[in-house]
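Take a look at the structure below.
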Amino acid sequence: MVNLLQANSLCYSPVLRNINLSLKPGELVALIGPNGAGKSTLLRLLTGYLTPDNGCCQLNGKSLAEWSAVDLSKQRAVMRQQTQLGFDWPVEEVIAMGRSPWEQQDGDSVVRHVMALSGCLPLAGRRYNTLSGGEQQRVQLARALAQLWVSDEPQGWLFLDEPTSALDLYHQQHLLRLLKQLTTAGKLHVCAVLHDLNLAALWADRLVLLHQGEIVVHGTASEVLQAEILSRWYGAELHIAQHPDNQTPQVFLAP
Ligand SMILES: Nc1ncnc2c1ncn2[C@@H]1O[C@H](COP(=O)(O)OP(=O)(O)O)[C@@H](O)[C@H]1O
Ligand SMILES: [Mg+2]
């Protein structure tokens, strides 16, 4: 099927077993699960950075292994958990690295657009290595959006590994509202590892819960964020209540 990212019976020993997942256009999917469940490994398989031992991952009906590196880079971008750079580049040049798969000479205008979208304008002129962890995350988001920029908007598949881990409250909300707005517009398709289940509940269309290398629960926030389910798979004592604005389930740890 066209315009679909499909994982069929993915195995990556000893980390992941029999993963079946399809990512559809215009969706924001959250990968959740305890530490060591295999979320980052799954993200690497879905993006073609790792090759499965068994099963396959297809983008638009073609195995990831058959895509050329340049063509794949124009279709999907990845924001990793932490990105250290060995060179001391200004923020704008780090973001412009996202344009490398493209031949067009539109780098400067794309960089300005994605800096505005991702809240990076106050970081203009700074050296990447002098930024805080949260500021570096915003720059990496901008770089990924620049990589997927076509005409006047980002298009394609965006994968993010714990993108909010170092962000303050304002920037968590800003990032998730931005991803939601871009996915709802229909051109960007997002799969993000999120540790914060309350953020996932508020913004993700679907939640996929991994545990010890398998998908154990999969569904909407109301289907997945239930006290028995989360206590079972995370081993934490917790309560579920409804968000005052829209009745979305929210998780409260027991003290
Ligand atoms: N190549 C590998 N060989 C063996 N174990 C691995 C390999 N890569 C990751 N692991 C282990 O697999 C588990 C899942 O890792 P990871 O995908 O990073 O988990 P998560 O992102 O959910 O915290 C961890 O226990 C990790 O140490
Ligand atoms: Mg991880």
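At-a-glance table
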{"read-out": "Some residue of the range 57-73 being among the charged types (D, E, K, R), within 23 Å of Leu5 (Cβ to Cβ) and within 16 Å of ligand 1 (Cβ to nearest atom)", "value": "no"}
{"read-out": "Selection within the range 167-188 - surrounded by fewer than 18 Cβ atoms within 10 Å (Cβ to Cβ) and part of a loop (DSSP other than H, G, I, E, B)", "value": "Asp168, Gly186, Lys187"}
{"read-out": "The range 118-131, subset open to solvent by less than 50 Å² (accessible area, probe 1.4 Å) and part of a helix (DSSP H, G or I), residue modelled with the lowest pLDDT", "value": "Tyr128"}
{"read-out": "Residue within the range 50-72 that is at pLDDT 95 or above, closer than 17 Å to Val150 by Cβ and touching a strand residue (DSSP E or B) at 6+ places or on another chain (Cβ under 6 Å) present", "value": "yes"}
{"read-out": "Strands (runs of 3 or more DSSP E) contained entirely in the range 1-61, each with at least 1 residues that are over 17 Å from His195 (Cβ atoms)", "value": "5-12, 16-23, 54-59"}
{"read-out": "Residue count for the range 1-14, restricted to those that are within 8 Å of ligand 1 (Cβ to nearest atom) and either within 14 Å of His218 (Cβ to Cβ) or crowded, with 19+ Cβ neighbours inside 10 Å (or both)", "value": "1"}
{"read-out": "Residues that are within 8 Å of ligand 1 (Cβ to nearest atom) and open to solvent by less than 40 Å² (accessible area, probe 1.4 Å), drawn from the range 32-42", "value": "Gly33, Pro34, Ala37, Gly38, Lys39, Ser40, Thr41, Leu42"}
{"read-out": "Subset of the range 197-255 (residues that are under 20 Å from Ala7 (Cβ atoms), hydrophobic (A, V, I, L, M, F, W, C) and open to solvent by less than 30 Å² (accessible area, probe 1.4 Å))", "value": "Ala200, Ala204, Leu207, Val208, Leu209, Leu210, Val217, Val224"}
{"read-out": "Of all residues in the range 138-165 being touching a strand residue (DSSP E or B) at 6+ places or on another chain (Cβ under 7 Å) and part of a strand (DSSP E or B), the one that is nearest to Leu23 (Cα to Cα)", "value": "Trp157"}
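The values are calculated or read from the model by the stated rules, or taken from the named source; none is laboratory data. This is a predicted model, so every value here is computed, not measured. Glycine gets a Cβ as well: all are built from the backbone with ideal geometry, and neighbour counts include every protein chain shown. With ligands, DNA and RNA removed, areas are computed over all heavy atoms of the protein, side chains included. Shrake-Rupley method; radii C 1.70, N 1.55, O 1.52, S 1.80 Å.
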